[in-house]
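The values are calculated or read from the model by the stated rules, or taken from the named source; none is laboratory data. The structure presented is a predicted model; accordingly, all values stated were derived computationally and were not measured. Methodologically, a virtual Cβ is constructed for each residue, glycine included, from the backbone with ideal geometry; neighbour enumeration extends over all protein chains shown.
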Amino acid sequence: MSSDNPVYAPSPVGVPHMVQPQSGPDCATLMRLATMGAIVGGSAAAARQIRHFQAGHQTPGAALAETGKAAVTAGLATAAAGAIANSFADQGLARLGLMFLVGTAVVYGIHSRLSDSGDRS
């Protein structure tokens with residue numbers, strides 16, 4: 001099939017309609033990536049906060065807040081990394097490397113923004 005011919009799919013009423021090609025991940029895919037990133041990032045942060053709490057360096061409320069911030073940050077970074085990496089590579093080391101770079105940049109940017117806003121208040 002040549003790229004000049006449109007692709008049609010059956011519709012419920014029997015009249016075919018054009019299928020729009022997907023150029024990137026859909027919303028459900030991004031939500032799955034964000035959820036997975038939040039779970040992994042939140043788990044790592046929770047483990048770190050438990051150690052701080054056991055050592056007496058952290059209160060339970062502060063530990064919970066830090067864990068929540070880390071989970072949200074990791075979720076955002078993973079979704080952004082997946083969306084951008086999907087635009088350039090479907091699989092392999094190029095995709096993983098791009099996801100690592102984008103994820104690192106997002107986390108760095110969020111941490112920089114949070115620390116800058118904390119210094120001003």
Verdict on L76 being within 20 Å of A45 (Cβ to Cβ) and either under 18 Å from the mean Cα position of the chain (by Cα) or surrounded by 13 or more Cβ atoms within 10 Å (Cβ to Cβ) (or both): yes
Residues located in region 77-95, provided they are free of Cβ contacts under 8 Å to residues at least 12 places away in the same chain, within 16 Å of P25 (Cα to Cα) and part of a helix (DSSP H, G or I): F88, R95
Condition check for Q58: in contact with an Asp or Glu (Cβ under 6 Å, 6 or more places away or on another chain) and either touching a residue at least 60 places away in the same chain (Cβ under 8 Å) or polar (S, T, N, Q) (or both): no
Near pairs, Cβ below 6 angstrom, 6+ apart or cross-chain, from region 25-40 (more than 10 Å from T78 (Cβ to Cβ)) to any residue that is surrounded by fewer than 18 Cβ atoms within 10 Å (Cβ to Cβ): P25/A83
Residue match in region 78-89 (condition: modelled with pLDDT under 90, hydroxyl-bearing (S, T, Y) and under 30 Å from L114 (Cα atoms)): yes
